[in-house]
Amino acid sequence: MHLIKDALDFGPWLDAAAGSSVGAGPLPRRENQDNFLLIDASGHAVCLSRQAPFHCQVPGWPRGHVRAAVLDGMGGHGQGREAAEAAVQGLLAMPACLDPASLAARLDALHTRLQDGFARSTPAQARPPGTTLTLLEVPPGEAPLLYHVGDSRLYELADGVASILTVDHVPATVYAMRGALDETRWRAAVHGEHHPQISQAFILGNALSDSLQLDKPLRGLDASTLPPFLAHLGDRRVLRVRPGAHYVLASDGFWACDDPLALTARWPALCAGKSAAQAVSALFDDFLSDPPTGLHSDNITLLALRFEAAFSAPVG
């Protein structure tokens, strides 16, 4: 397991740390196909390269700007680790963004560029690669910007409750968008149990319109496409943060078990009063020392962020 907490400076208003592991379970994965990225307020960046921590300095990074992302490479499609690493390298080269529209435009362009590159290099008979991407872009002194694709998640841990702030891009969500699942059945299917299927991924594309046909572009889900009970959880939005709360970006290996809600319900108490690094350590220690019942072996990656102040919405 790699715990990333030192040599990073997020300024006086933000605390952040990351951890990643090949995982646990009866048949642990042979490699860690997850990845993450932290770029601190001075442009110091850390991610995984060939499954090991890699540090670098981002040239021209604006002082005080922060970027945090978690990625889960799709191992079942092949080249999952490579897809996640390629996306991280693209994020390292992508300029800092100040509003949701410019962030979405930059990331959609990166998706297209990487998709085209993998299409040229992937054998015709192989399944195309992909990765989840759940990212927070934090301009100096302003509210974070969220960009989300796939089934990794963003959690808010506050007042003893673990609230999920993203919508999983899975078949149950597609059925809910079509009116075939109500809120109760959607929550039971998505949050109450674990399914490995995914309906949209970075680099791969989306199957949101037709589950049998893959479309190359990504679709940002919002109030115009999501059912009313999910309309406030759009994929590309300004995030309202609560000072002192922990915001956790995590890959789905953490809830790939018989009772996902019971596992994540422990998180707020485990993180209460802790720094970001202490919170990451507590969540990993809890999971690895006592893996949940019915665990499906998978990689696990988690970033914790703790904001010390409320912020205004970005201009633009």
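Here are a few things to note about the model shown:
- Taken as a whole, the condition of being within 16 Å of the chain's Cα centre (by Cα), open to solvent by 10 Å² or more (accessible area, probe 1.4 Å) and among the aliphatic types (A, V, I, L, M) applies to V170.
- Of all the residues in the range 27-53, those that are hydroxyl-bearing (S, T, Y) and in a strand (DSSP E or B) number 1.
- Qualifying positions in the range 224-241 - assigned to a loop (DSSP other than H, G, I, E, B) and free of Cβ contacts under 8 Å to residues at least 12 places away in the same chain: S224, A231, H232
- Among the residues of the range 181-203, just one is in contact with a strand residue (DSSP E or B) (Cβ under 8 Å, 6 or more places away or on another chain), over 24 Å from L263 (Cβ atoms) and either open to solvent by 20 Å² or more (accessible area, probe 1.4 Å) or assigned to a loop (DSSP other than H, G, I, E, B) (or both), namely I203.
- Residue selection: L133 fails the criterion of being surrounded by fewer than 23 Cβ atoms within 10 Å (Cβ to Cβ), among the hydrophobic types (A, V, I, L, M, F, W, C) and either touching a residue at least 60 places away in the same chain (Cβ under 8 Å) or at positive phi (or both).
- L107 falls short of the stated requirement of being of a type in the set (A, V, I, L, M, F, W, C) and either open to solvent by 10 Å² or more (accessible area, probe 1.4 Å) or assigned to a strand (DSSP E or B) (or both).
- Among the residues of the range 49-72, just one is open to solvent by 10 Å² or more (accessible area, probe 1.4 Å), touching a residue at least 60 places away in the same chain (Cβ under 8 Å) and touching a helix residue (DSSP H, G or I) at 6+ places or on another chain (Cβ under 8 Å), namely D72.
- Lone qualifier among L221, L305, L249 - being among the aliphatic types (A, V, I, L, M), touching an Asp or Glu at 6+ places or on another chain (Cβ under 8 Å) and part of a strand (DSSP E or B): L305
- Options D252, D235; residue that is touching a Lys or Arg at 6+ places or on another chain (Cβ under 8 Å) and within 22 Å of A69 (Cβ to Cβ): D252
- Looking across A279, A262, A223, one residue alone is within 25 Å of G141 (Cβ to Cβ) and either open to solvent by 10 Å² or more (accessible area, probe 1.4 Å) or in contact with a helix residue (DSSP H, G or I) (Cβ under 8 Å, 6 or more places away or on another chain) (or both). It is A279.
- Scanning the range 73-104 for residues that are on the phi > 0 side of the Ramachandran plot and either out of contact with any Pro (no Cβ under 8 Å at 6 or more places or on another chain) or open to solvent by 40 Å² or more (accessible area, probe 1.4 Å) (or both) turns up just one, Q79.
- Residue check, G160 more than 18 Å from D222 (Cα to Cα), touching a His at 6+ places or on another chain (Cβ under 7 Å) and touching a residue at least 12 places away in the same chain (Cβ under 8 Å): no
The values are calculated or read from the model by the stated rules, or taken from the named source; none is laboratory data. Remember, predicted model here, so these are calculated numbers, not experimental data. Note that we place each Cβ from the backbone using ideal geometry, even for glycine, and neighbour counts take in every protein chain shown. These area figures cover heavy atoms from the full protein model, side chains too; ligands, DNA and RNA do not enter into them. Shrake-Rupley method; radii C 1.70, N 1.55, O 1.52, S 1.80 Å.
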